[in-house]
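Working notes for the structure below.
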Amino acid sequence: ELAAVAAEHETPFVGPSTLLPPTGTPINRQVFYLMPGVAEQAGALANFAAARPELKGAAAAVVRAEGVLGAAAAGAAEEQLKLAGWPAHARHTYAPNAFDAAALVRQLKQAGTRAVFFFGASGDEAKFLKEAAAASYAPHVFLLGVLTGRDTTAALTPAFKDKIFLS
């Protein structure tokens, strides 16, 4: 709504107004986004991961909560992984308030997953990290800073040194 008002009144607006900036045409010449959206950030994470030599050919998983932000981030990450020539990856989608971290950790560990792109609800990444640590499982984890909760750092153990990445 704010973008429409800015266009109608030809008034420039500069600010962190959305995590899903429009990318289609016509572009609103009056609105300037300060932050990239979740899709752009997830794409950057995928490119970064694809450039890591220790992850060449690694099994990967894209985990997301149902919803617009998770879908946008996961879609962009999957597209960039494909463009980067990453081998096939697993997809895991869960309903809000129904995240089973223990089951996900068991499944990913058993599959030998070494890279996890996690686009879940705030706080769910901390649950995942705690369960992973308890299971002696420390994959590389790629997160969107805007979707992480304040308990994330408390869930980290030394096993995750140099394995957690945020955009």
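The values are calculated or read from the model by the stated rules, or taken from the named source; none is laboratory data. Remember, predicted model here, so these are calculated numbers, not experimental data. We place every Cβ from the backbone using ideal geometry, glycine too, and count neighbours over all the protein chains shown. Protein only, heavy atoms only, side chains kept; ligands, DNA and RNA dropped before computing areas. Shrake-Rupley method; radii C 1.70, N 1.55, O 1.52, S 1.80 Å.
List of remarks:
- Hey, Phe117 of a type in the set (A, V, I, L, M, F, W, C), part of a strand (DSSP E or B), surrounded by fewer than 19 Cβ atoms within 10 Å (Cβ to Cβ) and under 11 Å from the mean Cα position of the chain (by Cα) or not: no
- For Val105: the one exception among (1) within 18 Å of Glu54 (Cβ to Cβ); (2) more than 14 Å from the chain's Cα centre (by Cα); (3) open to solvent by less than 30 Å² (accessible area, probe 1.4 Å): (1)
- Every listed requirement among (1) modelled with pLDDT of 95 or more; (2) in contact with a helix residue (DSSP H, G or I) (Cβ under 9 Å, 6 or more places away or on another chain); (3) not in a loop (DSSP other than H, G, I, E, B) is met by Ala72 save one, (1).
Residue-by-condition table, conditions (1) touching a residue at least 60 places away in the same chain (Cβ under 8 Å); (2) farther than 22 Å from Glu125 by Cα; (3) open to solvent by 30 Å² or more (accessible area, probe 1.4 Å):
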{"position": "Gly57", "(1), (2), (3)": "no, yes, yes"}
{"position": "Ala60", "(1), (2), (3)": "no, no, no"}
{"position": "Val68", "(1), (2), (3)": "no, no, yes"}
{"position": "Ala71", "(1), (2), (3)": "no, no, yes"}
{"position": "Gln80", "(1), (2), (3)": "no, no, yes"}
{"position": "Ala84", "(1), (2), (3)": "no, yes, yes"}
{"position": "Ala90", "(1), (2), (3)": "no, no, yes"}
{"position": "Thr93", "(1), (2), (3)": "no, no, yes"}
{"position": "Ala98", "(1), (2), (3)": "no, no, yes"}
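- The stretch 120-154 - residue that is among the polar types (S, T, N, Q) and either over 16 Å from the mean Cα position of the chain (by Cα) or more than 21 Å from Val68 (Cβ to Cβ) (or both) and, of those, surrounded by the most Cβ atoms within 10 Å (Cβ to Cβ): Thr152
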